[in-house]
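Down below is the structure, laid out as structure tokens.
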Amino acid sequence: MNCPPLCLVAFSGEAGQLARALEALPPGPQRETMVLCSADSELERLAAAAGVRCLPSLPAAATPGRYWCLVSAALSGVVGRCIVLRAGNVPGSDWHRRFPAREEGAAAVFPLAVRHPETSVFSSPEHTPCLSVEDIDRWLNIYAPGTVFDIPFFAGESALIDVERLGGVAATDDLELAQRVRECGGLILATDNVYIDDRVAPPQSLPAATFPAWQTAIARRHPLTGLRHALTELSSRAESPGADIPQVLPARLHISHSWGGGLGRWVEDFVAADGGHRSFVLRPIGDLTAFGQTLALYSARNLTVPIRTWTLAQPILSTAIAHYEYRQLVAGILAEFAIGSVILSSLIGHALDILRLDLPVIVVCHDFYPFCPPILATWETPCSQCDNVRLTDCLQNNPGHRFFHYEQAPHWLALRAAFTSTVTERSIALVAPSASVAARMHSLIPALREDAIQVIAHGLSQAFLGGLAAVACPPAPQHKLRIVVLGSLEMHKGAQLLQAVIEPLAEFATVVLVGSGEGGNAFAGLPHVQVSDGYSREELGALLAAAQPDIGLLLSVVPETFSYTLSELHAAGIPVAATALGAFADRIRHGDNGWLYPPAADALLVLLRSLAANPEEVARVRAVVTATTPRTATAMVADYDRLFPPADGPLLRPVETDSARSGAGSRNIKINPEAKFRDVFREFWDYARRKVHNTEKLPRGLARLLLWLMKVLYR
């Protein structure tokens, strides 16, 4: 960001005010700062002590009505645009980053203040605030409409000014200067994105020459009318904002798919733990014919209902190498919400244009897409290389290639090349959740720099960890080994491996399947197996406590890139036996904090028999797991933040408009695209039943008939 310089203005006798203004300067040397002052030794000494440039070219005192004439003339030829802060005015947090980056034609942009009738946040400029500048600024985050508006005069003594526009205008006073600016086609504006407390100044009034129509507009339909009443009441009561009032924070955009799963959970946990940013999530919505048909933008405050939606004229089948409409939509999001950084978790349904932004971007390798269209980089065995011939063969014969069937090998080869060249040429940081993912990415894409991939492990939310902590105690002694298998039992999650060992396990073990999904149906009738097909995250702690497992068992036959299930079991104090693949092998030290086994039935049975016969070993390993502090999502976010450069982009108030603005609100039913169909159907069916039951205008006989039919159909 090209930041305009800061100029602190002080006249003789204002050393104390200048000292406080210098203390309010933003940290860091990246922004040019100067002091414009009277020829006063104390003012010059303060500037020198602060290490800033001093321009002692102002008269000893400000001439009434000529402040901006003096300032613009003194700065003419010194700077182009700059932010002027009058000594004695107290700015809100990050004030220097909250003026508009560029408003075409603007000669001056004024902040909200106290003492001027055009920009005061109170019903009268004579009101003396009973709240601090930070409290008022925070209240404005919910009352300010988020607007820049025209004003006819200079309003106060702090503003963002275009010196070139002002310095070249001949005027005898500020009133004439404003008139000449308008005659030259310049604009004088105010923004509610910035608040500067100027209560030390005397109350101002409108000039006597103000046109009647302007006076009427200011009195009756001023853009700040709504907030003024609220702020005056709050200030009069000295009512400070509560913790629920949002702060002005840098904005971050997450790029995700809408499939849910571990990636969706990671995004949810990340934005919930990221207290240093306003977070937004951009997801595509589509189907197997095209995964990017509609784009939906969500605020972190509600990841279910979008605040914007756009339907693409040309849907994105998998990932577009370039897509003009997508590029324009993303540019609009960046501008409207002042996005300062991007975290890319998936390119499915998106375009590579997201990697070509003039913003810091991090790519998270949750999987191996887009280099690998089957996503998991596994074909019978984990892939360590994939040339053009192998890719073509894979697309035709790999049963794991389940999703992208409309684009052939030439598209994927071109996408690979474009992705690799964009990431390497722009030095985009890649993050892998485990060391094995980083190693395989380097093996699959040798063109990546050796230091291109950082390893940052995922973390769990603090609230979720609290629900698992109660489980972390040894189960009651029992004759048989109690094994919990957590998560879905799909083919790549080891359904066949469990099928191969389930009968022999009856001799020495009881198996509890938690959240097995439809894959658990094959085991439901066995006397030594307990099955629950699904659960909410909030229920997991209670389910694990009820299961009283000795160990957890993870059966994936495809290398996991991280494994939330392993983290959950460890957080609950449950030692885990897992296949010696991928992240399991990265995170489990055999015989220390768990056990590893080759993904074969014989090896698994040997290990489980050994553990059943040696409960003291299980207890020893459990003690190691229980003594290990689980990694939190907060720690994970901090690790990512360290990869980004210091933020210096523009900041906006957190005004997140309703989805109706984009047309998304025109639908009466809003559905989370990551929700399971059965859950959506169940909720809709419950709604329909309640609607029939509670609609008084519906004849009771007809209502009873409809309820009976619904009951029959739902069976």
Expressed to two decimals, the range 391-526 has a Cα Rg over Rh, using the Kirkwood radius, of 1.10
The range 326-462: Kirkwood hydrodynamic radius (Cα pairs, Å) comes out at 16.1 Å
Which of the GluC sites (Glu not before Pro) found in the range 1-68 are loop residues per DSSP with 15 or fewer other Cβ atoms within 10 Å of their Cβ? Glu32
Using only the Cα atoms of the range 485-556, construct the convex hull and provide its projected area averaged over every direction, in square nanometres to one decimal. 4.5 nm²
Per residue, how many Å² of accessible area does the chain show with a 1.4 Å probe? 45 Å²
Answer in debye to the nearest 20: the dipole magnitude of the chain about its Cα centre, from +1 Lys/Arg and -1 Asp/Glu charges placed on Cβ, is 1720 debye
On a C-alpha basis, how far is the centre of the range 192-256 from the centre of the range 530-589 in Å? Whole number, if you could? 53 Å
Cα pair distances exceeding 17 angstrom across the range 112-151, given as percent: 31 percent
Using a Debye calculation, one point per C-alpha and no hydration shell, please list log10 I(q)/I(0) for the range 498-632 at q = 0.19 Å⁻¹ in order. -1.26
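Let me make sure I get this right: for the range 18-130, a, b and c are the square roots of the gyration tensor eigenvalues over alpha carbons, sorted descending. Under 1.5 in a/c it's rounded, otherwise prolate if a/b > b/c, else oblate. Which is it? Please list the in-between numbers first.
Numbers: a/c = 1.37, a/b = 1.32, b/c = 1.04.
Since a/c stays below 1.5, the shape of the range 18-130 is classed as rounded.
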The whole-number value in µm²/s of the Stokes-Einstein translational diffusion coefficient for the range 262-404, with Rh from the Kirkwood sum over alpha carbon pairs at 20 °C and 1.002 mPa s, is 130 µm²/s
In whole Hz, with x marking every Gly and Pro, tabulate ³J(HN,Hα) for the range 327-337 from phi via Karplus 6.51 cos²θ - 1.76 cosθ + 1.60, θ = phi - 60°. 4, 5, 5, 5, 4, x, 5, 4, 6, 5, 10
Using Stokes-Einstein with the Kirkwood hydrodynamic radius over Cα pairs, what translational diffusion coefficient do you get for the range 119-259 at 4 °C and a viscosity of 1.567 mPa s, in µm²/s rounded to a whole number? 74 µm²/s
As I understand it, the value is the acute angle between the Cα axis of helix 225-236 and the longest principal axis of the Cα atoms of the chain; what does it come to in degrees, rounded to 10? 90 degrees
Mind listing the Cα extents of the range 568-632 along all three principal axes, in Å, largest one first? 36, 28, 15
Arrange the peptides 508-521, 599-612 so that the one whose residues have, on average, the most other Cβ atoms within 10 Å appears first. 508-521, 599-612
What would the Debye formula give as log10 I(q)/I(0) at q = 0.20 Å⁻¹ for the alpha-carbon point model of the range 49-205, no solvent? -1.39
For the range 73-130, which trypsin sites (Lys or Arg not before Pro) pass both filters: DSSP loop (anything but H, G, I, E, B) and at most 16 other C-beta atoms within 10 Å? Arg102
Structure-derived Rg and Dmax of the Cα atoms in Å: which label, when the choices are (1) 32.9, 120; (2) 31.7, 100; (3) 38.0, 117: (2)
Only helices counted: for the chain, with every DSSP H run of 4 or more residues adding -39500 (n - 2.57) and the sum spread over all residues, [θ] at 222 nm is -10500 deg cm²/dmol
So how strong a dipole does the range 126-248 carry about its Cα centre when Lys and Arg Cβ are +1 and Asp and Glu Cβ are -1, to the nearest 20 debye? 420 debye
Euclidean distance of C-alpha centroids, the range 397-464 and the range 265-303, integer Å: 20 Å
Starting from one equal scatterer on each C-alpha and no solvent at all, send me the Debye-based log10 I(q)/I(0) for the range 254-323 at q = 0.11, 0.12, 0.13, 0.18 Å⁻¹, two decimals. -0.28, -0.33, -0.38, -0.70
Cβ-based charge dipole, the chain, positive-most Cα from Met710, Gln548, Ser461: Met710
How many percent of the accessible area of the chain is carbon or sulfur, using a 1.4 Å probe? 54 percent
Which percent, to the nearest 5, of DSSP beta bridges fully inside the range 465-604 are antiparallel? 0 percent
The alpha-carbon center of the range 600-646 and that of the range 76-139 are separated, in whole Å, by 53 Å
How tilted is helix 174-183 with respect to the longest principal axis of the chain? Cα atoms for both, answer in degrees (0 to 90, nearest 10). 70 degrees
Can you list the trypsin sites (Lys or Arg not before Pro) in the range 269-349 that are in a DSSP coil and have 16 or fewer other beta carbons within 10 angstrom? Arg301
Scaled radius of gyration (Cα, divided by 2.2 N^0.38 Å) that the range 181-284 gives: 1.70
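The values are calculated or read from the model by the stated rules, or taken from the named source; none is laboratory data. Keep in mind that what you see is a predicted model, and the values were worked out from it rather than measured. Here the Cβ is made from the backbone with ideal geometry for all residues, glycine too, and neighbour counts use every protein chain on show. Just so you know, the surface numbers come from the protein's heavy atoms only, side chains and all, with ligands and any DNA or RNA stripped out. Shrake-Rupley method; radii C 1.70, N 1.55, O 1.52, S 1.80 Å.
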